[in-house]
Structure formats: C-alpha cells, structure tokens
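The values are calculated or read from the model by the stated rules, or taken from the named source; none is laboratory data. Everything numeric here is computed off the predicted structure, so don't read it as measured data. Cβ atoms come from the backbone with ideal geometry, glycine included; neighbour counts cover every protein chain shown. Heavy atoms of the whole protein, side chains included, go into the accessibility calculation; ligands, DNA and RNA do not. Shrake-Rupley method; radii C 1.70, N 1.55, O 1.52, S 1.80 Å.
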Amino acid sequence: SKQNGRNGFSFYFEDLNIDSKRVIVLDSELRKAIENRDFTLNFQPKVSTQLNKIVGLEALVRWESEKLGSVSPAEFIPYAEETGLIIPISEIVLEKACEDLAKLRLAGYSKISIAFNVSSIHFQQQNFLESIQKILEKNNTSAQNFEIEVTERTVMNNDSDTIRKLVRLKQLGFKLSIDDFGTGYSSLSYLVRFPLDYLKIDRSFIQHIVSLDDKQAVVDAIIQMAHRLNMQVIAEGVESVQQLNILREMGCDYIQGYYYSKPVSMDGLIEFLQLWEYE
Ligand code: C2E
Ligand code: CA
Ligand code: CA
Ligand code: CA
C-alpha cells in the first residue's frame, strides 16, 4: 500500500494497475533492454486516399524481453514515462528509425516519410530539440524525412515553451501530427495557434463509424474543421472496406489501419511495398 510503499514499486503498481511482482521484473528487464538497445520498430503504412499510394509510415516500438516475452508498448511506455526511462527509449527509437529509413531509401523508396511518437515527458525536456537534432546529425539524415506525432495531452499546455518547440520543429523541417485526436481535451484553441500539418482521428471514433450515425457526424465535422484550418486528416484503426469508403467519401486524406496492414518490420514492409506497386 501507499503507507509503506511510497519509495517502492507499489506506488507504480497502484498508478499503472499492473501486478507488483511483474513491475519489479519489468523495471529490471527494461533497464537491461536500454543498455543493450534491445528494441525494434515495426512500421504501419499510411495510405493516401486520393493517390491510393503509401506516402508515410508510423514507427511503433517493439520489445521482446527474455523473462517477460513480448511486452506491449501500451504497458511499458506508461511505465517508462513514470520512471523517466522514456528518454533513453525515445532516443533509441529515433536512432533505429534513422537506420530503418536508410534501409528504405536503399530499397529505392525516396519519398516515404517516417512518423515517430513523441512522449510528452520527452517533449517537455529542456534539451528535447538538441537531443533530436543530435541523433539526426549523427545518422546523416534530415528532419524532412520525418513526421512527429504528439498527443493532445502534450500540446494542451498551450504555453510559450510548447509553441516555441513546435515552431522550431517546423523550421527544422519536421511535419507535425496531433495524435489520438478527440480523446483528450476539448479545447480546440491550440489547433489554431500551433503549426500542425496533420490531425489523426482516434480509433475510438473510427470503430463505430459504420453503425453509429453520431460517430459519423463527429468524424465528418472533424475532417471539415481540419481542412478549414489547412490541416490534413489521418484516420487510424481502419479495419474494413466499409469504414474506408465512408472516410473516403468524407474527404479523409490518409488511412492507417489493419485494413491495409498491421505494423510490420522494415524488411517485411519493403516486401509489402513491392507487391503494392504491382497491384
Ligand atoms: P498510437 O500511437 O495511437 O498507435 C496506434 C496503435 O494502434 C498501435 O498499437 C497500432 O499497432 C494499433 N493499430 C493500428 N491499426 C490498428 C487497427 O486497425 N486496429 C487496431 N485494433 N489497432 C490498430 P501499439 O503498437 O501497441 O502501440 C500502442 C501505443 O503505444 C501507441 O498508440 C503509442 O501511444 C505508444 N507507442 C508505440 N510506440 C511508441 C514509441 O516509439 N514511442 C512512444 N513514446 N510511444 C509509443
Ligand atoms: Ca501514434
Ligand atoms: Ca494514435
Ligand atoms: Ca491511440
């Protein structure tokens, strides 16, 4: 309990709702994984509805622990955020993204961009911009190749530091997406103030878009609003052709989801891209 465990693992156990014994193993396994750079990335394509072409990829971290087997980022990322381990993990993720980008370019795909997820904990670090720039420089690559996905939670602060960082990222050449749109904070004021390129509609809206008229109305309204604000819209979690058709009709710009592909390794993706082109 909290009385005897403030300094121990039960604190996280209560916050994150995971078994306390598992947390102890998770913690030591995660630290070991960071030391060994033992993470990989899977990539999920973003398909342009107009061009019917893959224009981008989202990088999603994967971790196979010796003792725990494969652990979902939905479990270890929140824990890493609580403990600060998210910073080294994010840096490893970006380095791997650079390496995989080089593979993609070598295979002849010169335009496809890679999006990576930035945790609010990382974003708020004072040296966030420098840490990202350093990794790009080390890997001889530029921001033009990348998109950054930040959640509503990250930008809702709406303070001068957030704006400064977003503007600087844009100046460097990154495209900016607002992730999980619709799940967090209802204040839309930041959409006008921030230099965002894409808005990603959360899967929870897409899930019932075929059967529920009110969800359809919300998604339609989000798309129209984004376009009025000169943003493009990505629908995430698209699993069926029915969902795809509704979204296409509404003018949604990009589709991401199992309908096209689950997240796959870069090697798997390059095979997939070759098939896709001959379709
Ligand atoms: P997210 O950024 O919203 O990523 C989308 C999640 O939905 C991914 O889960 C993806 O595999 C899943 N997904 C994609 N299409 C479909 C679909 O059609 N149906 C269903 N049911 N699911 C779909 P994943 O890979 O388990 O990642 C979960 C979350 O973990 C991510 O949500 C993101 O918040 C976080 N995450 C993943 N990788 C990273 C990373 O490198 N850095 C950070 N900071 N967070 C990450
Ligand atoms: Ca994302
Ligand atoms: Ca998302
Ligand atoms: Ca999500």
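Does region 238-249 contain any residue that is in contact with a Leu (Cβ under 6 Å, 6 or more places away or on another chain) and closer than 15 Å to Q50 by Cβ? Checking region 238-249: not a single residue is in contact with a Leu (Cβ under 6 Å, 6 or more places away or on another chain) and closer than 15 Å to Q50 by Cβ. Between I92, I54, the distinction of being in a helix (DSSP H, G or I) and out of contact with any Cys (no Cβ under 8 Å at 6 or more places or on another chain) belongs to I92 only.
Mind checking whether some residue in region 235-248 is closer than 19 Å to G184 by Cβ and basic (K, R)?
If we filter region 235-248 for residues that are closer than 19 Å to G184 by Cβ, which is where we start, we get 235-237.
From what's left, basic (K, R): none.
No: zero hits.
Looking only at region 260-274, residues that are open to solvent by 50 Å² or more (accessible area, probe 1.4 Å) and under 18 Å from the mean Cα position of the chain (by Cα) come to 2 in all.
Would a scan of region 163-172 turn up a residue that is within 16 Å of ligand 3 (Cβ to nearest atom) and either over 25 Å from A97 (Cβ atoms) or β-branched (V, I, T) (or both)? No, region 163-172 contains no residue that is within 16 Å of ligand 3 (Cβ to nearest atom) and either over 25 Å from A97 (Cβ atoms) or β-branched (V, I, T) (or both).
From the set of residues in region 20-65 that are of a type in the set (K, R) and modelled with pLDDT of 95 or more, which is surrounded by the most Cβ atoms within 10 Å (Cβ to Cβ)?
Within region 20-65, the first condition is being of a type in the set (K, R), and the residues that meet it are 21-22, 31-32, 37, 46, 53, 62.
Next cut, modelled with pLDDT of 95 or more only: 31-32, 37, 46, 62.
Values: R31: 13, K32: 13, R37: 13, K46: 27, R62: 15.
By that ranking, first place goes to K46.
Scanning region 153-168 for residues that are charged (D, E, K, R), modelled with pLDDT under 90 and either buried (at least 21 other Cβ atoms within 10 Å of the Cβ) or away from ligand 1 (no atom under 12 Å from the Cβ) (or both) returns a single hit, D159. Within region 66-75, if we keep just the residues that are within 12 Å of ligand 1 (Cβ to nearest atom) and not in a loop (DSSP other than H, G, I, E, B), the residue that is least open to solvent (accessible area, probe 1.4 Å) turns out to be V71.
Within region 76-89, the set of residues being within 16 Å of ligand 2 (Cβ to nearest atom) and open to solvent by 20 Å² or more (accessible area, probe 1.4 Å) comprises I77, P78, E81.
Among the residues of region 201-222, write down those that are away from ligand 3 (no atom under 16 Å from the Cβ) and among the hydrophobic types (A, V, I, L, M, F, W, C).
Within region 201-222, the first condition is being away from ligand 3 (no atom under 16 Å from the Cβ), and the residues that meet it are 208, 210-218, 220-221.
Passing the criteria: V210, L212, A217, V218, A221.
The residues of region 174-200 that are surrounded by 17 or more Cβ atoms within 10 Å (Cβ to Cβ), over 15 Å from L229 (Cα atoms) and more than 16 Å from ligand 3 (Cβ to nearest atom) amount to a single one, F174.
More than 16 Å from ligand 1 (Cβ to nearest atom), open to solvent by 20 Å² or more (accessible area, probe 1.4 Å) and either within 26 Å of T154 (Cα to Cα) or at pLDDT below 95 (or both): which single residue out of K138, K103, K134 fits that description? So that I can check it myself, show each step before the final result.
Working: K138 fails: either within 26 Å of T154 (Cα to Cα) or at pLDDT below 95 (or both); K103 fails: either within 26 Å of T154 (Cα to Cα) or at pLDDT below 95 (or both).
After applying the criteria, what remains is K134.
Among the helices (runs of 4 or more DSSP H) confined to region 108-190, the ones with at least 3 residues that are within 22 Å of I234 (Cα to Cα) and touching a residue at least 24 places away in the same chain (Cβ under 8 Å) are located at 152-155, 160-172. The residue of region 206-243 that is surrounded by the fewest Cβ atoms within 10 Å (Cβ to Cβ), among those that are closer than 19 Å to K262 by Cα and not polar (S, T, N, Q), is V241. So which of Q126, Q171, Q144 is more than 16 Å from ligand 4 (Cβ to nearest atom), under 19 Å from the mean Cα position of the chain (by Cα) and open to solvent by 10 Å² or more (accessible area, probe 1.4 Å)? Result of the check over Q126, Q171, Q144: Q144.
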